[in-house]
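Chemist: This is the structure, below, for whatever I ask next.
The values are calculated or read from the model by the stated rules, or taken from the named source; none is laboratory data. None of the values given here were measured: they were computed from a predicted structure. We place every Cβ from the backbone using ideal geometry, glycine too, and count neighbours over all the protein chains shown. Keep in mind that these areas ignore ligands, DNA and RNA; they rest on the heavy atoms of the full protein, side chains included. Shrake-Rupley method; radii C 1.70, N 1.55, O 1.52, S 1.80 Å.
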Amino acid sequence: MFAFLVRRLGQAVIVMLVISLLSFSIQDQLGDPLRELVGQSVSEEIRNELREEMGLNDPFMVQYGRFLKNAVQGDLGTSYFFKRPALDVIMDKLPATIDLVIGATFWILLFSVPVGVFAAIRPHHWFSKVAMGVSIVGISVPVFLTAIFLIYLFAVELGWLPSYGRGDTVMLLGRWKTSLFTLDGLKHLLLPSISLASVILPLFVRMIRSEMMEVLETEYVKFAWAKGLHKRRIWMIHAFKNTLLPVITVGGVQLGIMVAYTILTETVFQWPGMGFMFLEAINRVDTPLIVAYLIIVGLIFVITNTVVDIIYGMVNPMVKITGQ
Amino acid sequence: MDKLLLSVKNLEVVFPLRTGAVTAIRDVSFELNQGERIGIVGESGAGKSITAFAILNLISKPGYLASGSIEFDGIDLAEADEDLMRQIRGNRISMIFQDPMMTLNPVLTIGTQMEETILAHRDTSRDDARKIAIEKLKAVQIPSAETRLDQYPHELSGGMRQRVVIAIALLTDPQLIVADEPTTALDVTIQAEILELLLDLCNEFDVGLILITHDLGVVSQVTQRILVMYAGRIIEQGSTSSIIENPMHPYTKGLIGALPEMTTPGEKLNQIPGVMPSLQDIPSGCPFHNRCRYIQDVCRSRLPDLAKREERLIACHFPIQYD
Ligand SMILES: Nc1ncnc2c1ncn2[C@@H]1O[C@H](COP(=O)(O)OP(=O)(O)OP(=O)(O)O)[C@@H](O)[C@H]1O
Ligand SMILES: [Mg+2]
C-alpha cells in the first residue's frame, strides 16, 4: 500500500508541475499586466522600472521558478480586480462549487447504478427503453439549455423554485459556507445540481448498462448460473463487481470533467462559485486569478484521479496495492 | 440392476434469429444410468454444448427448448420452474466448462466462489462450507488447500484452475457432472492428468458423467458409451469399445481415421473431406451425404432414421458391416 501510494503521489506531483507550467505560460499570452495595474498615464520609464522591480524582465524560467516557490507556500499571486490574494478569492468561492458538485454527484450515485443495472438485466422492459431514450436526450442537450429550460418551467411558470443564487447558508468550522444544511439552500441547489447532473448522469447510466451487459455474457457469469446461485447474487456480486472496474476508471475522469461544466451551470444560475468567478476573471483579464483557478482545478483533477486509482486498486485483485 | 438417472427424449432447441429460425439440435434422445459415463463427440457446431446446456435449461438467449422432455431422477426438467431448476443446478447436476481461464470470476477469491455454491444449496455455516471446500480441494489434489482459498484465480495456473472448477463441481456431491470440453484449453500433459482425476473421482463418488469433446481419444479413455453428433442430430450411439473398434457410421469411421494415433508418423492426417453444413442449409436426405464415401442415390433424398442394429443405434442407410 505504502509503495503504491508513494508512486502514485510522485506521479501526481509531476502532473501538477506540468499543469502549473502550462497555466503560468498562459500569463504571457494575456497582454501586459502593467496596463491592468497602473493604467495609461504612467510614463514608459517608470513602467520599465516597475517591470524590473516585479521581475517581469527576467528570463521565463526564472519567473516560473519564483512563481513555483510562492505557489508551494500558498501564494498564487494577487488578483488585480479584488486586490486580494488570488487563493483567498478562490477559497471564498470554492465551497459554493463544491456544494454544486456534491448535489450533482448525489443524483448520479442515486440513479446511475439502479437504472443502469436494471437496463442491463431487462433490456426489453419498457422502463429500460424509456431510460435509454431519455439518456440520449440528456447527453445531447447542452447543459445551459437544460438549465434555461428548468428555470423556465420550475421558476418562471410554476414558481416552485428559485432561479438564481445560493439561498441561506451556514458556516461550517467558521470558514466553510454551505447551502447543504438549510431548506432554503437546498431549494436553491436543486435546479443547478440537476442541470449539472443532466449530462453526466445519462453517461453513467449508459456506461453501466453496456459494461454490465458485456459482463453478463462472460463465461464466469454463465458458470455462476450453472452453480445454481440466486440471481440477485449473480447480478450484484458476480456481474456488478466486474462492471464497477471500468466504470470507476471512466467515472473518475467524468467527475473531473464535471468541474468544467460548473462554469456553464454557475453562469446560468448566477451561482457564486469559482466557475462563475473564472468567467468574470476572463472578462476582466484578471490574469493572476485565471492562473490560480487553472491550478486549483488541475489540483482537483489530480486528487480525484489519485483517489479513483486507489479505489480501483482496492476493487481489482489483479492490482497489487499491498506491495509487500 | 442399473438405476436410470437421466432420460432425454426428442430434444429440439431453436434459435429464432433475424435471418430466420435455426434448429440447433433436433430429435436428440439418450439415457444415462446412475454412475454411468457417456461421451458426446462431433465436430465444432454439431450441437454438443447446446445439448448439455439444454439439460440445465441454460441455453443462451434467444435460444429455447422447442420440444422434448428431460427426466432426471423422476423430475421433468423441461417443465421445471426457475426455482426448482436453480436447486438442481450446481447441486444435483454440476457443470465443468471448457476454459478454466474464463470460468472463474476474476474479482472473487477461490474460497468465496466455493463457499457460495455450498451456501446456495445447503443450510450450513460459512465455517462448515469452508471445511467442505478444503476437503474437495484436497480431493482434486491441490497442494496447500487452505491458502488457496484466499487466492484469486489469476494467482493459479490453468491446470490448477481446472482442478478448482472440478472441486466446485464436486462440492455438493452431485449425481451427474456435465463436462463441456474440460481439457481442450489445457496443455497435453495436463490434459491427461485432469482426465484421470475426473475418471477417478466419478468412480470414487459414483457420479454420472456426460463428457463433451471433439476428441475421440479422450472419450475412449473415460467413457463407457458414446453418442456421435452431426449437424444437430445423434447419428450413432453404442458402447465405447464397440464404436472405436467397429464404427458403423461412415462419419464415425472418418472421425476415428482422423485420430493422430491412426496415422503413420510423417503422413498427412486422414481428415474427412469437406465441412459440416451450416444449420441454415442442411442438405436434403442424409446431412452427411455430400462428404460420404459410400453415397448412394437414396442418401440424397431420404433422411435415415436412428435405428437399432445389434447393440447400436445408427442413422445411416448403408452402415459399414463387420463380420
Ligand atoms: N447463441 C447462439 N445463437 C445462434 N445460434 C447458435 C447460438 N449458439 C449456438 N448456436 C448454433 O448451434 C449450433 C451448435 O452449437 P454448439 O455450441 O452446441 O456446438 P458444439 O458442438 O458445442 O461445437 P464446439 O465444438 O465448437 O463447442 C452452432 O452451430 C450454432 O449454429
Ligand atoms: Mg461446444
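Chemist: Considering every residue within region A:316-324, establish whether at least one is in a helix (DSSP H, G or I) and open to solvent by less than 30 Å² (accessible area, probe 1.4 Å).
Modeler: No, that holds for no residue.
Chemist: Looking at B:Thr103, B:Thr109, B:Thr117, which one is of a type in the set (S, T, N, Q), within 13 Å of chain A (Cβ to nearest Cβ), within 27 Å of B:Thr184 (Cα to Cα) and open to solvent by 10 Å² or more (accessible area, probe 1.4 Å)? Quick ask: steps written out before the conclusion?
Modeler: On the way: B:Thr103 fails: open to solvent by 10 Å² or more (accessible area, probe 1.4 Å); B:Thr117 fails: open to solvent by 10 Å² or more (accessible area, probe 1.4 Å).
Unique residue meeting the criteria: B:Thr109.
Chemist: Output the residues belonging to region A:206-222 that are within 25 Å of the chain's Cα centre (by Cα) and either surrounded by fewer than 21 Cβ atoms within 10 Å (Cβ to Cβ) or within 11 Å of chain B (Cβ to nearest Cβ) (or both).
Modeler: A:Arg206, A:Met207, A:Ser210
Chemist: From the list B:Ile88, B:Ile70, which residue is farther than 27 Å from A:Asn316 by Cα and either of a type in the set (Phe, Trp, Tyr) or at the interface with chain A (Cβ under 8 Å from one of its Cβ atoms) (or both)?
Modeler: Numbers: B:Ile70 fails: either of a type in the set (Phe, Trp, Tyr) or at the interface with chain A (Cβ under 8 Å from one of its Cβ atoms) (or both).
Exactly one residue qualifies, and that residue is B:Ile88.
Chemist: Let me ask something else. Looking only at region B:201-217, which residues are within 12 Å of the chain's Cα centre (by Cα) and either assigned to a strand (DSSP E or B) or away from ligand 1 (no atom under 16 Å from the Cβ) (or both)?
Modeler: Passing the criteria: B:Gly208, B:Leu209, B:Ile210, B:Leu211, B:Ile212.
Chemist: Continuing with the same structure: Please work out which one of (1) away from ligand 2 (no atom under 13 Å from the Cβ); (2) open to solvent by 10 Å² or more (accessible area, probe 1.4 Å) is the condition B:Leu32 fails and give its number.
Modeler: (2) is the only condition that B:Leu32 fails.
Chemist: Here is a further query. Could you identify the single residue in A:Ile200, A:Ile136 that is surrounded by fewer than 15 Cβ atoms within 10 Å (Cβ to Cβ) and under 18 Å from A:Gly251 (Cα atoms)?
Modeler: Matching residue, one of A:Ile200, A:Ile136: A:Ile136.
Chemist: Count, please, the residues in region B:161-208 that happen to be acidic (Asp, Glu), away from ligand 2 (no atom under 16 Å from the Cβ) and within 14 Å of chain A (Cβ to nearest Cβ).
Modeler: Residues that pass the stated criteria total 1.
Chemist: Moving to a separate point now. Please find, within region B:270-289, the residue that is surrounded by the fewest Cβ atoms within 10 Å (Cβ to Cβ) out of those that are β-branched (Val, Ile, Thr) and touching a Lys or Arg at 6+ places or on another chain (Cβ under 9 Å).
Modeler: Per the stated criteria, the residue is B:Val275.
Chemist: I would also like to ask the following. If I go through region A:223-232 residue by residue, how many of them are at the interface with chain B (Cβ under 7 Å from one of its Cβ atoms), part of a helix (DSSP H, G or I) and open to solvent by 10 Å² or more (accessible area, probe 1.4 Å)?
Modeler: 1
Chemist: Can I ask one more? For region B:35-58, what are the residues that are more than 22 Å from B:Lys253 (Cα to Cα) and away from ligand 2 (no atom under 16 Å from the Cβ)?
Modeler: B:Gly35, B:Glu36, B:Asn57
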